[in-house]
1. Considering only segment B:9-55, how many residues are loosely packed, with under 13 Cβ neighbours inside 10 Å, under 30 Å from B:GLY485 (Cα atoms) and in contact with a helix residue (DSSP H, G or I) (Cβ under 8 Å, 6 or more places away or on another chain)?
2. Only one residue in B:GLY698, B:GLY716, B:GLY728 is more than 20 Å from the chain's Cα centre (by Cα), at pLDDT 80 or above and at positive phi. Which one?
3. What residue, of A:VAL77, A:VAL60, is more than 13 Å from every other protein chain (Cβ to nearest Cβ), at pLDDT 80 or above and either in contact with a helix residue (DSSP H, G or I) (Cβ under 8 Å, 6 or more places away or on another chain) or surrounded by fewer than 22 Cβ atoms within 10 Å (Cβ to Cβ) (or both)?
4. How many residues, within segment B:551-588, are surrounded by 13 or more Cβ atoms within 10 Å (Cβ to Cβ), within 14 Å of chain A (Cβ to nearest Cβ) and in a loop (DSSP other than H, G, I, E, B)?
5. Do any helices (runs of 4 or more DSSP H) lying entirely in segment B:63-140 carry at least 3 residues that are more than 14 Å from every other protein chain (Cβ to nearest Cβ), under 34 Å from the mean Cα position of the chain (by Cα) and crowded, with 17+ Cβ neighbours inside 10 Å, and which ones are they?
6. Would you mind telling me which numbered condition in (1) under 23 Å from B:HIS311 (Cβ atoms); (2) modelled with pLDDT under 80; (3) not hydrophobic (A, V, I, L, M, F, W, C); (4) not in a loop (DSSP other than H, G, I, E, B) B:PRO374 fails?
7. Considering only residues that are of a type in the set (Asp, Glu) and either free of Cβ contacts under 8 Å to residues at least 24 places away in the same chain or out of contact with any Asp or Glu (no Cβ under 9 Å at 6 or more places or on another chain) (or both), look in segment B:205-260 and name the one that is nearest to B:PHE73 (Cα to Cα).
8. The conditions are (1) over 13 Å from B:ALA373 (Cβ atoms); (2) surrounded by 15 or more Cβ atoms within 10 Å (Cβ to Cβ), and B:LEU669 fails exactly one of them. Which is it?
Amino acid sequence: MRALTVALLAWSSAFAWASTDLVGQIAAQARQTPVLRADFVQTKTMMALKRPLISTGRMVLSSEQGVVWLLETPVRVGYVLSDQRVVEIDVQGVPRVRQASDVPGLAQISRTFQAMIGGNLDALRDQFDISASGTPARWEMLLRPRQRQTAAFLESLRLAGGRHVERITIVEANGDTTTLQMKNVNTETALLRDEAVLFQAPPTPR
Amino acid sequence: MTVRPTPLSLIVRALVWLLLASAAATAVFIPWSQGRLEPQTDLLALLPPTERDPVAELAVERLASQSSGRALFLVGAGSGEAAASAAADIARALRGHGVWASVHDTVDEFDPRRLLDFYANQRFALMTTQDRRALEDGSASLAQRLQAKLHTPFSWSPRLTLDQDPFGLADAWLADLPQGAGRLQVRDGRLVAEDASRHWVLVQGQLAASPWTTDTQEQAAASLSDVRRALQATHPDAALLHTGPVFYAEASRRTAEQEASQLGAVAMAGTLLMIYGLFRSLRPVALSMLCMGFGILVAVAVTWQVQGQIHLITLVFGASLIGESVDYAVQYFAAHLGAGPRWTPEGGLRMVGSGLLVALSTSLLAYGALWMAPLPALSQIGLFAVAGLSAACLSVFLLLPACVRRPAHHDPARMIVVAERGLQRWQQILHRWRFAIIGLCLAVALPGWLRLEGNDDLRQLASMPTGLVAQDQQIQQLTGMGNSGQFLLVQAPSAQEVLALEEALAPRLVQLQQQGALVAHQRVSAFVPSRAAQQRNRDAWAQHVLAPGTALERVLDDAGVQPVVADHLRHGWRRGADHPLEVDDWLQQPWAAPLKPLWIGATPNGHASVVLPIGLKDKAALVAAVDDLPGVQLVDKPASAGRLLTEARQGATLWLAAATAILLALLTLRYRPARAIALLTPALLGMGLTLGVFGWLGEPVTLPVLMALILVLGVGVNYPIFLWEGSGSLGTTLLGVLVSSATTLLSFGLLVFSSMPALHQFGLTLLVGSTVTIALTPLGVQGRPSKGTA
């Protein structure tokens, strides 16, 4: 839930810089990426679940427009997250729009998120203490929330990767863990047309 | 010339005057020294209750008082960071001033857990209407909802845990809660907006004390200049907009006080100069000042005692009363001048006394009519004038005889001769051409009458500082925050029925939103469903999720959820039966604070709440949508006030006719009917021509104009009466009348320069009306028997 949003932030904020040079270098790598595509495998371990929950899907990250998150198995739901709105596409394919002005937290999340992409890393650093180890080719980062409110549900974020982020581990305060494994990561310069369409304002309100 | 020792009766009278003056002075001084004697700057106090339903009036007051202590500051800069830093500087500067109880440049990062903690126990009572219907008709798939909850990568609205709400039913209801803040967005903990050229950040301030006191207003204004200075130093190219009732009140008060003192100073200087010019002695000047001062002091004391407040409009008007209050004293001095060596104080009183009383009674009649006006603003002016003029006249009877014992030395012979000759010539001209003149007046006036229009805008009663209004509009555009003054009042016998009525209203409002007639709305029932709705939702849970035949356990098991979750659900459902969600619990939550004024609660008729439309574009559609819902009415204070003013204006027209008739009746008590009509003629012509001039100038006929016409009548008839009654030489009486009319014209003429539209119209009416009346006065005194010469 909330944790995963933060994960998304963290994922692109893998390029957030801390006081170490390493993070700065990782950040520099990221700035050269206008569009990023990847498949993911998400593994959730929750106390209420008998066994870990596995889902797969793909995502597209555009530094200008936002992110498209498409879950494929075991259920098809989609999310399009941009500066002004969030579109939730449910299992029947019906889109549901929420404007940023209606939802207090939304713009904040998008913004911080895109600030990462744009190279404005101060916002993330405001929210997390970041420590990194390794080299720009092979690194790991640990992010701990600074704000009490965030720390109430999120314990930490761990990122690992090289040229791009490859693994994100979210540890929630209640012990639930989510791991995202990125595969087939591609960088592009432009969105595909049907991806760009997803960012357009949907035709009808609910 | 021997002067007899002052008779005891004169001394006693003068002492009585002194006593009254001290009493009045004390009555004014005590509240003034306690800081209570302050002009009333709350514009709503200028109006009487406008709503027929007292609950509606109460609702208006509640909503108004909630926002009256608030001020908004919007700071704009080229970039978001600069704006944020400027906002922080502004907030810091403001907090340094004790006049602000709280200043917010950041919003609490919305803590969803507070919301969840409040609603968690009642999660089985919370469900959207669509979801409940889907459960009832079987179209909801619990398995799919569970999958969606398990796999959703992120959520921006507060969500309950899997254990609490595996099917996301309460989650969906929570996500629907209206949380928006108009056109502002939350960014990095601040409320921001953007336009073409700038990033804006909002800073909100809440005053520690009432915005209607002078102290608070001055301190708020001082803090604003401090902020501007600070901003200039750190962010020279940032822009600052501000708005808030306290700033409007401060500007109105400052303007009114300035006008009152400027007009008052000019009126007093002009009046005293004219008096000196005529009487060539300082004694009349000094005594006139005493009479004036006494009049105004008594007026303030009486108004304060009777009404407990003094409006700004009364303050400015009071300054113009100076010229009129001095009329009575001037008549006395004129008689003194004319009597020469044969003067005695008592004799003087005998000469002018009856004239003064007739003149006073006509003025009291006219101002008394104003006192009866339905608008507190205008009625207070009437009370003020009645008290002030009575007191000024009383001074003539009490104080002046003791102080004006010696006969006059100044021989006004030359002036008198000039005046008398001038009057005679003017009288001849008027007499010869009287029918032509009357005809001309009518001819000029009639076309003007045809072009007259009414205007019942509430804004007449106050001066709207244009700079503030412009900033206010800009702020409204950027933030979407602003008072439209309209809301829906929902009334029902019990609190639950009010909630249920709101829930019945909601789908209609949603439909209006889809049609574009409305942007959004806020209602209490969105946060606290009625008990009936809560019960329906709980029943849906019981029958379609928790009942034995629904395969709850199988669905959970298939998804890999622990079986104990089913037990937790049943247990939680049972526990929720104890204590349904109540409005009183919600009212105590800190995050509910902005919406608290919407819940009016218990009223004499039952219970009531307010549903607030936001961004209303089509009022007629809203009225039509609630038409058939008993207990729901649209309250529109500005429109009601406009209607009230229209009714008052129409009533005033009748008053005018009635006042004319009463005045005529009053005059026939003393004079023959023909003479009474003649005395009234100049005033009537004055009124007619004034209306004509208004028509020609395109000035609207408003309530103040009509009330002023009553004054033209009442005051305008004084001068023919003075001339007619004046014993002693016609000449000195005439000079006295000339000075009186000149001072009155000066005072009323000065009102034309007021920035309050109502006073401007008042002044214009009186100026034109009085000028015509005075010029035509000789028409009313044709055939006056001469009563001796100088």
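1. 0
2. B:GLY698
3. Just a single option satisfies the conditions, and that option is A:VAL60.
4. 3
5. B:80-95
6. Tallying (1) under 23 Å from B:HIS311 (Cβ atoms); (2) modelled with pLDDT under 80; (3) not hydrophobic (A, V, I, L, M, F, W, C); (4) not in a loop (DSSP other than H, G, I, E, B), B:PRO374 fails exactly one: (4).
7. B:ASP226
8. All conditions are met except number (2).
The values are calculated or read from the model by the stated rules, or taken from the named source; none is laboratory data. Just so it is clear, the structure is predicted and the values come from calculations on it, not from any experiment. We place every Cβ from the backbone using ideal geometry, glycine too, and count neighbours over all the protein chains shown.
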